[in-house]
Every structure is written in C-alpha cells, then in structure tokens.
Amino acid sequence: MTDLSDWLAHCERLHPKNIDMGLERVREVAQRLNLRFDCPVITVAGTNGKGSTCAMLEAILGQAGFKTGVYTSPHLVHFEERLRLQGQAVDAQVLAACFADVEQARLQGEAISLTYFEFSTLAILLCMMRAELDVVVLEVGLGGRLDAVNIIDTDCAIITSIDLDHMEFLGPDRESIGREKAGIMRAGRPVVVSDPVPPQSVLDHAQAIGADVWRFGHDFNFSGDKQQWGWAGRGRRYSGLAYPALRGANQLVNASGVLAALTALRERLPVTAQAVRSGLAFVELPGRFQIIPGQPTLVLDVAHNPHSVAALTANLDAMGFFPTTHAVFGAMADKDLSPMFNKIGPVINKWYFTDLPTPRAASAQDLRAMWLTQPKQVSEDVQCFADPMAALQAAIDAADPADRIVVFGSFYTVGGVLQNGTPRLQAKHLSA
C-alpha cells in the first residue's frame with residue numbers, strides 16, 4: 001500500500017469496533033515507535049470550542065515565528081486536514097509513509113489490534129515528531145482520559161466548555177463527562193479551564209493531582225464593548241484587541257483560554273502582543289459559524305449537540321433580519337435532537353433534511369419524523385434528500401436573494417457541501 005486512501009481503508013478493517021476505550025494497545029505501539037516530543041505540547045479537550053481554540057493557538061504561535069503542528073479531528077473533506085504543519089494540511093504521501101511505519105511497529109513481535117482512530121493518531125503523531133516542530137497542539141477526539149492523544153504528556157492542558165455529548169462513552173451528566181476530560185491534566189503542569197461554570201469534577205481532579213489551575217473568572221477574564229476587547233490574567237494583560245476573525249459570541253471565551261495558556265507557557269513560548277493581535281485577526285477555521293457572502297447568504301456550522309446549536313441560534317439571531325431562513329440539516333442518530341430542534345426551530349422557516357454517508361447517521365426521513373413531533377415546530381415545510389449537496393441545491397433553488405441558508409448538524413453535513421470547494425451563491429434571477 002502506498003496511497004493514504006488505501007491505508008485508511010486498511011485501518012477501517014483492522015478492528016471490530018470504531019471506539020475501544022483504553023490506552024494500553026496504542027501506548028505499546030507508540031513505545032515501539034519511540035514516539036516522543038522535545039517541544040512543548042498543548043492538549044485541548046472539551047465538548048465545544050476545541051477546534052476554535054486550536055486554530056487560535058496555531059495562528060498566534062505562527063505569527064510569533066514558531067513552527068506549529070496541529071492535530072484536530074474529524075475532517076471536513078480530506079483526511080489530510082487533520083494534521084496542519086505550519087498552517088498547511090500535511091502532504092498525503094508524507095502521511096502515508098507514517099502509516100506504513102505504524103503498521104510495521106504494530107506487527108513487531110505480537111501483533112496489536114488498533115482502531116481506525118488509534119492507528120491514524122499514531123501516524124499523525126509520528127509525522128509531527130519527524131517534522132521537528134517548535135510546538136505541538138493536540139485536540140482530543142473523544143473524552144480525554146482514554147483518548148489516544150493522551151499517551152502524550154501535555155505541558156499545558158486546556159479544557160473548553162463541557163456539555164452533554166457522547167454520553168454512551170463518557171457518562172450521563174456533566175460531572176461524569178468532566179471527569180473524563182480532566183484526564184488530560186498532568187501533575188504540576190498548568191491546566192486552563194475556560195468553561196465559565198466547570199463541573200466540580202474537573203476542579204477536584206486538578207486539586208487531587210496538583211495541577212496548576214488557571215480558571216476563567218478567577219485567574220483570567222475578559223471585558224469588552226462593541227469595538228474592542230481586553231484580557232487580564234496572572235501578571236499580564238492585553239487591551240484594545242480587535243475581535244477574533246472567528247465569528248460568534250462564544251469565541252471570546254475560547255480566545256481568553258488561549259491567552260491564558262500562552263501566558264502560562266510564556267517562558268518556553270514567548271509571544272508578543274503584536275503576534276496576539278495578528279493571530280486573532282487572521283485566524284481561519286472552516287465550518288465554525290462561517291458566513292459566506294452571496295445572495296442568498298450562506299452560513300456553515302458544524303454544531304452537532306444542544307450546547308453548540310444554542311450558540312448557533314444566538315449567532316443567527318444576532319445577524320439581523322432575513323425574510324426566510326432555509327436549513328440544510330443532517331445529524332448522527334445518537335444525538336439529542338429534541339433540544340436542538342427546540343432551540344433553533346423558531347429561527348428556521350424551511351427544512352431540507354439530508355442522509356449522510358455513514359451508518360451512524362440518522363436518515364433524512366427519521367429527522368423529518370422527529371421534527372414533525374416537536375411541540376414548538378413552526379414549519380411543516382420540510383423535504384428530504386439523499387446527500388447534502390442535493391439538499392443545498394434545493395434550498396438555493398427555493399431561496400430569494402435576501403434569504404439565508406444555514407448548513408449544520410454534523411461535520412459530514414458541512415463537509416458534504418464543501419466537496420467541490422466553498423460554494424458562492426448567486427440567486428437564480430440575479431445570474432441572468
């Protein structure tokens with residue numbers, strides 16, 4: 001096998017389960033690979049805000065002149081998006097060579113079974129190690145304590161907002177989920193808790209192991225008006241900052257956590273105020289309340305749980321008046337759909353439900369049936385489609401130039417409309 005696509009197909013066949021919680025197998029293969037980092041490592045866990053946090057860290061550290069490596073998941077369109085080296089997606093052939101080396105290590109002596117995520121995580125970590133980076137940023141895939149990235153000791157942990165998601169693996173409430181996220185902390189190392197109301201389990205675990213807690217509202221905070229904002233933390237403050245290029249009300253909380261982490265690591269990763277300003281101004285992250293100008297306006301958001309859909313709803317409200325809002329929506333079957341529909345339902349006029357290319361997804365027909373049972377549903381204008389592009393095209397055909405179209409519900413939903421690049425919409429009667 002030489003192509004990345006061949007290796008990914010191989011990984012899908014290797015293990016009977018998508019998710020197999022536990023670090024023993026992946027740690028053993030990592031030891032065979034002599035996997036380690038000599039540079040600072042920042043690990044980011046949480047329910048929402050992880051991707052934005054990683055992107056802001058990457059942008060600021062890049063502006064400060066550091067060679068950055070960032071591992072995030074899942075991807076939107078191409079697997080290579082999961083690893084960015086100095087801001088660019090990794091070359092597929094370079095990554096494929098690392099998959100080959102992981103396979104060789106896996107089969108040394110007694111063969112070890114790895115899940116798709118474990119195998120690909122090891123290949124990406126190996127690729128990062130070989131890139132001789134100045135700083136590594138790792139986003140947790142699921143939970144924290146038993147996630148494959150947690151085989152690497154972090155120099156600074158960041159825990160973003162915690163909400164109910166993946167409850168079949170992480171537990172039934174925020175306290176249980178927080179306990180799993182807290183597993184990325186290390187004794188004596190800083191942990192930035194940017195959730196304004198963190199579960200007590202997070203704070204208790206930090207105290208139990210002797211981590212250096214930087215807590216939002218206690219050790220750092222932000223203030224601002226409509227024009228600018230400022231941040232203050234232990235021994236450092238920034239004032240007159242422009243708002244981050246990532247849109248949305250929750251991004252100042254994420255940015256505050258980023259500045260706390262960089263302050264905690266300032267002796268090893270010194271960044272100037274100008275690097276902070278430039279990084280926040282230039283940061284990009286597709287699919288996070290991404291507004292694409294055109295007629296109609298297009299909004300892309302990977303919101304896929306009640307907490308992130310509530311944030312999306314608030315952000316849509318803040319956009320101003322649109323005569324009609326069309327929603328392209330596809331989601332996984334295990335998501336808590338009722339509170340998502342209840343929250344965003346009042347701002348949606350027409351629904352375009354879509355199937356998604358994974359067995360975990362709810363069908364478009366199932367989503368339609370669920371929507372029509374909602375007590376507060378205001379629109380019976382619903383249609384079903386076989387894929388996100390077909391749903392988007394139907395929304396474009398139905399929309400007036402002053403309308404907006406919102407695509408959300410899953411990485412698969414947003415990725416599905418980005419297959420051929422970013423769509424630029426021109427209403428049908430304007431293109432003549």
* Give me the distance between the Cα centres of the stretch 174-225 and the stretch 401-420, rounded to whole Å. => 34
* Structure fact -> Excluding residues fewer than 8 positions from K335 in its own chain, the aspartates and glutamates with Cα under 15 Å of it are D163, D165, E168, D173, D355, D366
* Choose one answer from R277, R288, R266: the residue with the largest mean-square fluctuation in a GNM of the chain with alpha-carbon springs under 10 Å. => R266
* Structure fact -> Kirkwood-based Rg/Rh on the Cα set of the stretch 290-430 evaluates to 0.92
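How would you rank V283, V271, V202, V258, going from fewest to most other Cβ atoms within 10 Å of each one's own Cβ?
Numbers: V283 22, V271 19, V202 26, V258 30.
In order of increasing Cβ crowding within 10 Å: V271, V283, V202, V258.
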* For the chain, size of Cβ-based charge dipole, Lys and Arg +1, Asp and Glu -1, in debye -> 1020
* Structure fact -> Under 5 Å from the placed amide H of R215, counting only residues 5+ away or on other chains, we find V193, F220
* **Separation of the L107 and N420 label points, Cα + 7 Å toward Cβ, nm** => 4.1
* Given the C-alpha centroids of the stretch 329-366 and the stretch 93-120, what is the distance between them in whole angstrom? -> 35
* To do: Calculate one ³J(HN,Hα) per residue across the stretch 175-185 by plugging θ = phi - 60° into the Karplus curve 6.51 cos²θ - 1.76 cosθ + 1.60, and present them in order as whole Hz with x for glycine and proline.
  => 5, 4, 5, x, 4, 5, 4, 5, x, 7, 5
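No value in this document is a laboratory result; all are computed from the given coordinates. Computed from a predicted model, the values in this text were never measured in an experiment. Note: ideal-geometry Cβ built from the backbone for every residue, glycine included; neighbour counts use all protein chains shown.
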